[in-house]
Amino acid sequence: MASLPGLNLAAASAEPANLTSTSTETRQQDLAANTEYRFEVSFSRTLTIRLRTGTAEFFGTELGPSTTYSFKGTKGAIYTWHGCSLEIGGEAESEYVAEETTMMSYANAHFALEDLRDKAMQSNEAGPRVLVVGPDNSGKTSLVRILTSYALKMERQPVVVNLDPREGMLSVPGSLTASAFSGILDVEEGWGSSPISGPSPIPVKMPLGYHYGLGNPEEGKLYKPLVTRMALAVLSRLEEDKASKHTGFIIDTPGSISHGKGGVYENIDHIVSEFSGTCGVCFVGKLLTISVNIIFVLGSERLYSDLSRKYGHRSEDPISVVRLDKSGGCVDRDEAYMKHFRQNQIHNYFFGTDAENTLAPYSLVADIGDLTIFRLAESSAVDPSFRPGDDDDDVYAASKNIYEKVNPSSAMQNSLLAVTTASPKDPQEVIRDASVQGYIYLIEVDETKKKVRVLVPQPGQLPPNALVLGSFPEVVPDLLN
Amino acid sequence: MSNASAEVAADFRDALQDLKINSRPEISNLTIIAKENTEHAQAISHELENHIRTTRPEWKLPALYVLDSIVKNVGTPYTVFLGRNLYRTFMDAYMVMDPANRRAMDGLLKTWKQPVPESMDTNPVFSPEVTRDIENALIKIRTVTVQQQAMAQRTPHGLPPRPASNPMASGAWRNTPTPPQGGPRHAAPNDPRVRHNFPTPNNYGQLPVATPPSQVPTPQPPVTSIDLESLKADLAKLIASTRGAWEATPTDLALAQKLKALMDLQTVLNTQTIPPQQLQAIRTQIQALSPPPPPVQTYVPPIATTPQPFIPSPQQAAPPSLPPASGGFNLAQLLAQARPPVAQTPTPTQPTLSLADLLRRVSSPGQMSSTPVAAAPFPPPPHFPPVPQPVATPTPAPAPTLTPTTNLAQLLAQMTKSGSAPPPQVPQLPQLPTQPPAGSSAPGATDWLLNALKGVPQMATTGVLPQSTPTASTPMTRQASGMTAVPNSVELTTASMKQPRFHLIARLYGAKPNICATCGRRFENSAEGKEKKARHMDWHFRVKDPDATKRGIHRSWYISEKEWIEYREVDESAPDTANSAKAAAVTLKKDPKEQYVHVPADAARDAPCPICLEKFDSNLKWHTDANDFVWMDAVNVNGKVYHATCWDEYSKGAGIPAPSTPDPVLGKRKADIGTPVSGKKVRAY
């Protein structure tokens, strides 16, 4: 670590070592069949769990019998279908065994999807296209993970689309990503890891990312065009990739789009209409015939009723709207936790997740002029005149001032910049629609010397691409400490 | 679970095979295996019994010492499993032993009647019922033997190590009408067990931590808490074995029903107070359902106190095993009676209070005191809504045969009065054969249970297990869902999501019993599945790179939209050839420097490029897209790896795209090719 150019990371590496050495004694936790052990671990502690006997799963991913898993900053549950005995070490903020779970209904949901996948295989059509909606903290991401894990157990290859900018999937918060999954999910790291330059103990996932740069999809006018773009990419992939096509996709959404305004769910409508590009032509030039055909509504009765009224009885392309109970294990995650969670995700992007697989980012010193930063225009942050997605052409045409070009300033220190695949000379729509190549972190801006120091994930020249600065996620002042 | 059991059992069996002398470390080792795998106690017990029965007579004693060590050091659940067959296990071995070993066995038996030494538990190792029958039999044998020898009768009996054929031995035998108490070398006090070294595994949670291991269910007062506990334990085991069978046959809906019924029973037992008589009946039923069919006379608790006429008396079932002590006693005859007692045991279930009836009584609150236990560990019995079931047409029963008591198929058949069937040859099977009672459903929990338990068992008569149909080529789960599409399909509605369908869970677990211990990924138990797992494990090994952090691993940039659309996930368990072929196909168009092949897994890794004869070591690189170590600037042509640049030049120069075999070109150097240079260590990644 000390050999890292320009970085003094000795403190960072010493910290996890202290934490892991604190807990050596373990206790045994027996679980009856169909119960789950729910726990919350803070970011400063580590909880280790090992499966002694029986079978157990963490959000659908089975625990390996000979592996000790450690959790940090996690609120989760170990569920068992057959009963098990766990060996638990470390300290949890709260832990209890729950006998009433919603796993049976989630498993039913999975098997219902499996039936459709079998049919899709036989007829070589697209498998089930699932949209998961529900209020905040209703377990949407957990359900998506369970459905994904179960699909993987069946040797499927689902494409998971994360449209929730508050939590990154295989990326940092503020991004919208999609990835096809195969093999298994990681138990400890949630969705796993995007590619790194070395071997990974869990197969890496290959995400496609766009940068949204705001926390709430209801604000700004970037969300819908990005959803449109994402839908095009995913649908194109499905057209090309047979394994993913037969499995279908699962879309995770932010809770905020499920609140609705007077029973109108603008963004849900947009997602449904964009992920059903019946009339669009995808990148590979084929006519798209894939659309969302299942909506799982978690918890909210009202949302379920509104959506089933709207989509359930359409004469063409009917959508199955199914309500699933919210798990009793869903806990409210306060803003402090979410902030910590976000900073953790950013840290993990640069430094990796655990002590054994530390990543080595590089710090570069560059001229201020080397960075072309596009900041989301303030005026576009709240734009009441923005209209729903039925007139997309307007959206594309009317977006002259999506970004404003800014020079690095000391006010931007500690913020995250998205490295797009677009050139700084491209029109702003192209920059907006460009996928993200990665993220860099502004360590220091010296305005007098006209120099910036940035943290980049991999060595080499800083890409001369357009950089996008959003207001979300917030600055991470202590990334290097 | 069944396969895990099978694996553990196989290990245990292998270890047992090597046990030929009374070796303390080996016995301790086996005890530890048994102790650490109490969840597979049934399979292990079965393996042990089997071994004692089948091994050569001179190796039986060490195996019996293993049994002894396990029951004393581990206790439950082994005492329960082994106790059930102990009579037969012990007596079969005793019959073929020579006198010295018999004395050792006498000593062993004596210790079983006592509490475990140095333990606080005052219960004997095995319950008195178990040991008493053995003792009675031994006394009879001795009496007969003494009588025979006193009359100088030589009764040939065809058992090779018969002591009577050995004058010395019979002399010794005659001199010890009562077994020596601890004199022999192998007697219990000197036996190779370290009792206090093993902490008590508290497997069933009903014992305080300090309680010594040998908790034997004492059935003496018909209803005591310990009785209930042992009943629960039995039930738990039955559930476990049924679940094992069911996991092996995930498509077997009927078995799933039976499992559910048993689990309901467990819930009832756990949550409600049940009168003694019903407990007895349940116990009888469970024992009847429990595999494998043993001569359980001694295990069935005495029921003299219960007025219920329908409960079979164990004594009635027992008598044939003890011949009259009159002269002309034939050991072989005794053996014959002792060995297959199943066939002669009268059926205990005169269509009486069936399990389902019981359950119905229990769950109808008016009929009995169904006070929920305060700290019930389980929720009240769940109500199972009627699930649409396939109505299987029962195949006509073959010729009725004598019905052994412990065969589930028979029991169920009797309940339905649909005829009986010969038992499948169970003794070799570690668990219940999966008789699928494909019952039709009826509304209501108890009716459902009733139906689940009384289904049509005729399939069992063929002895063919339903799970013997999976094919190796297609994933079992998919095939399964195809075969049983109608009953297993889950309607996509809100109401349908709430119906419990536990039988489907097997598609996530049992369908792929071969689990990777590291990451939990599961594979099928087919040849293909094993290959996949092997490749998967290879991959685990490859990515475990201790030097990874030193080499400064970093996050890579994400790929672009277009690349992502064209990207295909790489499954580490997929065949390598497909990978490299695909990789080669993709990279062929690129600059030769960018071409790569996956590093071969075998000795071929040391083979140099056939053209320039340089090795590929310097080209080694971690390739992100391939998620594997690769050789850059390499190309695989007809199974041989060349430097891509060499091959490029060669094929250009030769003016031919690709010769059918490159060997003629390189003929003279062939000796060098593919021969690993001696002394050079093959690097493992």
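The values are calculated or read from the model by the stated rules, or taken from the named source; none is laboratory data. All figures in this text were calculated on a predicted structure; none of them were measured in a lab. Note that we place each Cβ from the backbone using ideal geometry, even for glycine, and neighbour counts take in every protein chain shown. Note: accessible area is taken over every heavy atom of the protein model, side chains too, but ligands, DNA and RNA are not part of it. Shrake-Rupley method; radii C 1.70, N 1.55, O 1.52, S 1.80 Å.
If you take the beta carbon distance between B:Thr122 and A:Glu93 as r and set R0 to 41 Å, what does 1/(1 + (r/R0)^6) give as a FRET efficiency, to the nearest 0.05?
Once rounded, the FRET efficiency stands at 0.40.
Which of A:Lys205/B:Lys621; A:Lys153/B:Lys532; A:Lys75/A:Lys339; A:Lys75/A:Lys221 have a Cα-Cα distance over 21 Å?
A:Lys75/A:Lys221
Using every pair of alpha-carbon atoms in the stretch B:18-68, split the distances into 10 Å bins beginning at 0 and state the percent of pairs per bin, rounded to integers.
Answer for the stretch B:18-68: a P(r) of 27, 58, 15, 0 percent.
Quote the Stokes-Einstein diffusion coefficient, in whole µm² s⁻¹, for the stretch A:20-98, based on the Kirkwood radius over alpha carbon pairs, a temperature of 20 °C and a viscosity of 1.002 mPa s.
175
For the full complex of protein chains and a 1.4 angstrom probe, list A:Ile184, A:Ile271 by accessible area with the highest value first.
The most accessible residue leads, giving A:Ile184, A:Ile271.
Name the residue from A:Ala33, A:Gly90, A:Phe43 whose Cα lies farthest towards the positive end of the charge dipole of the stretch A:20-98, charges +1 on Cβ of Lys and Arg and -1 on Cβ of Asp and Glu.
So the residue furthest toward the plus end is A:Phe43.
Calculate the spin-label point distance for A:Asp370 paired with A:Ser44, positioning each point 7 Å from the Cα along the beta-carbon direction, and give it in nanometres.
Roughly 3.8 nm, to one decimal.
Based on the alpha-carbon gyration tensor of the stretch B:596-651, what equivalent-ellipsoid semi-axes (square roots of 5 times the eigenvalues) come out, in whole Å, largest first?
Semi-axes (√(5λ), whole Å): 17, 12, 10.
In the stretch B:1-148, what is the count of Lys pairs whose alpha carbons are under 24 Å apart, counting only pairs at least 8 residues apart or on separate chains?
16
Nearest 100 Å² is fine: how much accessible area is buried between A and B, summed over both sides, with a 1.4 Å probe?
Separately minus together, A and B give about 7300 Å² buried.
So how compact is the stretch A:103-324: Cα radius of gyration and Dmax in angstrom?
16.2, 51
Read phi for every residue in the stretch A:428-441 and hand back ³J(HN,Hα) as whole Hz from Karplus 6.51 cos²θ - 1.76 cosθ + 1.60, θ = phi - 60°, with x for Gly and Pro.
Coupling constants for the stretch A:428-441: 5, 5, 5, 5, 4, 7, 6, 6, 9, 8, x, 10, 10, 10 Hz.
Leaving out ligands, DNA and RNA but keeping every protein chain, what accessible area does B:Glu58 have, in Å² rounded to the nearest 10, with a 1.4 Å probe?
About 90 Å², ignoring ligands and nucleic acids.
Quick check: pseudo-label points 7 Å beyond the Cα along Cα→Cβ at B:Asp18 and B:Glu491, how many nm apart are they?
With each label point 7 Å from Cα toward Cβ, the separation is 5.9 nm.
Given the Cα-Cα distance of A:Ala336 and A:Ser315 and 0.36 nm per residue of separation, how much length would full extension add, in nm?
The A:Ala336-A:Ser315 span can extend by a further 3.0 nm.
Efficiency by 1/(1 + (r/R0)^6): what FRET value for A:Glu404 and A:Asn137, r their Cβ-Cβ distance, R0 = 45 Å, to the nearest 0.05?
Plugging the Cβ-Cβ distance into 1/(1 + (r/R0)^6) gives 0.85.
What is the extension gain from B:Ala574 to B:Gln149, computed as 0.36 nm multiplied by their sequence separation minus the C-alpha to C-alpha distance, in nm to one decimal?
145.8 nm
So how exposed is B:Cys519, as accessible area in Å² (1.4 Å probe, rounded to 10)?
10
Enter the accessible area of B:Trp59 (Å², nearest 10), with the probe set to 1.4 Å and all protein chains included.
Accessible area of B:Trp59: about 60 Å².
What residues have an amide H closer than 5 Å to that of A:Thr53, excluding those fewer than 5 places away on the same chain, when H is modeled at 1.01 Å from N in the peptide plane?
A:Ser85
Go through B:Arg102, A:Arg333 and list them by solvent-accessible area, largest first, probe radius 1.4 Å.
Heavy-atom accessible area, descending, gives A:Arg333, B:Arg102.
Give the long-range amide H neighbours of A:Arg166: residues separated by 5 or more places, or on another chain, with amide H under 5 Å away, using H modelled in the peptide plane at 1.01 Å from N.
Result for A:Arg166 returns A:Gly174.
Ordering B:Arg501, B:Arg56 from largest to smallest accessible area (1.4 angstrom probe), what's the sequence?
These residues rank, largest area first, as B:Arg56, B:Arg501.
Could you pull out every residue, at least 5 positions away or on a different chain, whose amide H is within less than 5 Å of the one on B:Val597? Hs are placed 1.01 Å off N in the peptide plane, and Pro or chain starts have none.
Long-range HN contacts for B:Val597: B:Trp631, B:Ala634.
Assuming 0.36 nm per residue, please report the length gained on full extension of the stretch A:Ser123 to A:Ala411 beyond their Cα-Cα distance.
98.0 nm
From the residues A:Leu235, A:Gly255, A:Tyr69, which one has its Cα farthest along the dipole of chain A in the positive direction, the dipole being from +1 and -1 charges on Cβ of Lys/Arg and Asp/Glu about the Cα centre?
Result: A:Leu235, furthest along the dipole toward the positive end.
Once R0 is set to 41 Å, what does the formula 1/(1 + (r/R0)^6) return for the Cβ-Cβ distance between B:Thr54 and B:Ala534, expressed as a FRET efficiency to the nearest 0.05?
Efficiency for this residue pair is about 0.80.
Report, to the nearest whole %, how much of the accessible area of the stretch A:103-324 belongs to carbon and sulfur atoms, 1.4 Å probe, protein only.
Looking at the stretch A:103-324 in its full context, I get 49 percent from C and S.
Can you pull the three principal axis extents for the Cα set of the stretch B:3-149, in Å, largest first?
50, 35, 25
Rounded, prolate or oblate: which fits chain A, taking a ≥ b ≥ c as square roots of the Cα gyration tensor eigenvalues, rounded meaning a/c under 1.5, else prolate when a/b beats b/c?
In terms of gyration-tensor shape, oblate.
Please get the size of the charge dipole for the stretch A:20-98, origin at its Cα centre, with Cβ charges of +1 on Lys and Arg and -1 on Asp and Glu, quoted in debye to the nearest 20.
120
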